[in-house]
Amino acid sequence: MRQEKWYHHHAWTGLTALWIIGFIGAITRFIMATYQVQLAEDLHVGRGFISLAWSVNLLIAALCAPIGGRLVDRFGPKTIMLAGSLLGTCGAALVFLGHNAPLFFLGYGVVSGLSGIGASTAYVLLFRWFGNHKAKAAGILSSASSVGLAVCTPIFLASSRLTWESAFLLSALLGLLVTVPIILFFIRSDEANSEEIQSLKPDKSFSTAEPSAPSESRNFTFYLPYFIVAFALFTCGINMGTVEMNLVAIHQQAAVSPGMISISMMILGTMEIAGSIVFGTVMDVMNKRLAMTILYGIRVVSFAILLLHTPWSPIVFAVTFGLTYLGAVPGGMLIANELSSKKGRLIGSLLLFHQTGGIAGALVGGVSYDLFHHYQWLIGLDALLCVMATAGYSILAGKNRMLKGVFSHAG
């Protein structure tokens, strides 16, 4: 009992540390979302150059995710998290010190992109630390980025003395003085203790994985859960690319007033944070596959509403999509956690699908508008992909119930 209490305390302390790291990491996301015009003017480049640096950052981070996952399985999550954080800190410092276009591209586009090797580490640590509260912990962690964005935006926009240079300097200093010490002194990846405690309090979620199954039995049915989770995360990436890069433009083309756009975006951010807690709590008490079926079903409704462009579409979309915004990735990772013992490799590979979807969503939006002068095809694509992801998770939920029945009768 004493050891169990110690582990419970350690897990939640570790989650707090990871949340602070995620909060600090949101600063660069805030910079690119807020200072695109000022960056272009100060660096004497076009906005296309800033977008290119953003795309390269995402691409490199996506390619580094599976590589980092393999490194996590070999060297441990703490070591790779530290390496990724140092790369992110160096990238921010390089941008601040350089103050020119080539060093901006190198610092933000390349060096900060390489920090993607640590993308899987937080999930690996959470799944190691927590037994019965994995989903809730993952939901809380996913809120850090949105809270960071929500806090940084009003602070910097309220003062004309704070610029993108101040933000990059702040990112570098916090990375060096806060993130690195937290990783060194508060992050523990002691597998022996976590496994011992989890053996006392096993995870109640049912797994369809068969790690010890012979290779000849690993047919399409065996790999079906991997395919469905990967496709769903790719879909989520396209959804996020659509919303983060094109939602304001979609509303503007539909002649939505600036005031309504501001209100809807504020509601979207609020619902992001609330939704991460709601779905995290729900997934701890119900079938995770069924929860994800519901989540993507809500997204289908959200994009159908956005497609209609009614006077109430911006608000209703903000509420419904915001509710699901931060739940899809942790939910997919929780299901994937049951499929393989190679946690870092699997999570890193799945993050590649999500990041690739994010890049595709942003690019497809621009191409779609240039070709058709509207975003209807993009919104329709989002809705269609969500229908397919809903069907996929529904299949997994049905398969899971069927297998549970078989094992319960066998017992």
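The values are calculated or read from the model by the stated rules, or taken from the named source; none is laboratory data. Being a predicted model, the structure only gives us computed values, none of them experimental. Please note: Cβ atoms are built from the backbone with ideal geometry, for glycine as well, and neighbour counts cover all protein chains shown. To get the accessible areas, we keep the full protein, side chains included, count just its heavy atoms, and leave off ligands, DNA and RNA. Shrake-Rupley method; radii C 1.70, N 1.55, O 1.52, S 1.80 Å.
Kindly establish whether Ala26 is closer than 16 Å to Trp164 by Cα, at pLDDT 85 or above and open to solvent by less than 20 Å² (accessible area, probe 1.4 Å). Break it down into steps so the answer makes sense when it comes.
Working: closer than 16 Å to Trp164 by Cα: yes; at pLDDT 85 or above: no; open to solvent by less than 20 Å² (accessible area, probe 1.4 Å): yes.
The answer is no for Ala26.
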State whether one or more residues within the range 344-355 are open to solvent by 30 Å² or more (accessible area, probe 1.4 Å), assigned to a helix (DSSP H, G or I) and in contact with an Asp or Glu (Cβ under 7 Å, 6 or more places away or on another chain).
yes
Filter the range 100-130 down to the residues that are more than 14 Å from Ile187 (Cβ to Cβ) and either touching a His at 6+ places or on another chain (Cβ under 8 Å) or acidic (Asp, Glu) (or both) and list them by number.
Ala101
If you check Phe317 against the conditions, is it among the hydrophobic types (A, V, I, L, M, F, W, C) and within 22 Å of Ile228 (Cβ to Cβ)?
no
Quick one: is Tyr108 at pLDDT 85 or above, within 17 Å of Ser171 (Cβ to Cβ) and of a type in the set (Phe, Trp, Tyr)?
yes
Residue pairs qualifying under the 6 Å Cβ cut-off, at least six apart or on distinct chains, with the first in the range 103-120 being without any contact (Cβ under 8 Å) to a residue 12 or more places away in the chain and the second being surrounded by fewer than 24 Cβ atoms within 10 Å (Cβ to Cβ), are Leu103/Leu94
Enumeration of residues in the range 33-56 that are open to solvent by less than 20 Å² (accessible area, probe 1.4 Å) and out of contact with any Lys or Arg (no Cβ under 8 Å at 6 or more places or on another chain)
Tyr35, Leu39, Leu43, Ile50, Ala53
For Val319, only one of the following conditions fails: (1) among the hydrophobic types (A, V, I, L, M, F, W, C); (2) farther than 19 Å from Leu385 by Cα; (3) part of a helix (DSSP H, G or I); (4) open to solvent by less than 30 Å² (accessible area, probe 1.4 Å). What is its number?
(4)
Conditions (1) over 22 Å from Tyr393 (Cβ atoms); (2) over 16 Å from the mean Cα position of the chain (by Cα): number failed by Arg289
(1)
Can you tell which of Leu94, Leu86 is closer than 30 Å to Met333 by Cβ and surrounded by fewer than 22 Cβ atoms within 10 Å (Cβ to Cβ)?
Leu86
Taking the residues in the range 377-408 that are within 12 Å of Ala304 (Cα to Cα) and β-branched (Val, Ile, Thr) as candidates, determine which candidate is modelled with the highest pLDDT.
Val387
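Take the residues of the range 322-342 that are hydrophobic (A, V, I, L, M, F, W, C) and in a helix (DSSP H, G or I): which is nearest to His251 (Cα to Cα)?
The initial filter retains those residues of the range 322-342 that are hydrophobic (A, V, I, L, M, F, W, C), namely 323, 326, 328-329, 333-336, 339.
Now drop any that are not in a helix (DSSP H, G or I), which leaves 323, 328-329, 333-336.
Working: Leu323: 19, Ala328: 24, Val329: 26, Met333: 32, Leu334: 34, Ile335: 35, Ala336: 35 Å.
The selected residue is Leu323.
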Based on what the data block shows, is Leu363 in a helix (DSSP H, G or I), open to solvent by 20 Å² or more (accessible area, probe 1.4 Å), touching a residue at least 24 places away in the same chain (Cβ under 8 Å) and farther than 17 Å from Phe231 by Cα?
yes
Thr310, sole failed condition from (1) assigned to a helix (DSSP H, G or I); (2) out of contact with any Gly (no Cβ under 9 Å at 6 or more places or on another chain); (3) within 17 Å of Tyr375 (Cα to Cα):
(1)
Among the candidates Thr310, Thr281, which residue alone is free of Cβ contacts under 8 Å to residues at least 12 places away in the same chain, β-branched (Val, Ile, Thr) and surrounded by fewer than 21 Cβ atoms within 10 Å (Cβ to Cβ)?
Thr310
Scan the range 233-278 for residues that are out of contact with any Gly (no Cβ under 8 Å at 6 or more places or on another chain), over 19 Å from Val147 (Cα atoms) and open to solvent by less than 10 Å² (accessible area, probe 1.4 Å) and jot them down.
Leu247, Ile250, His251
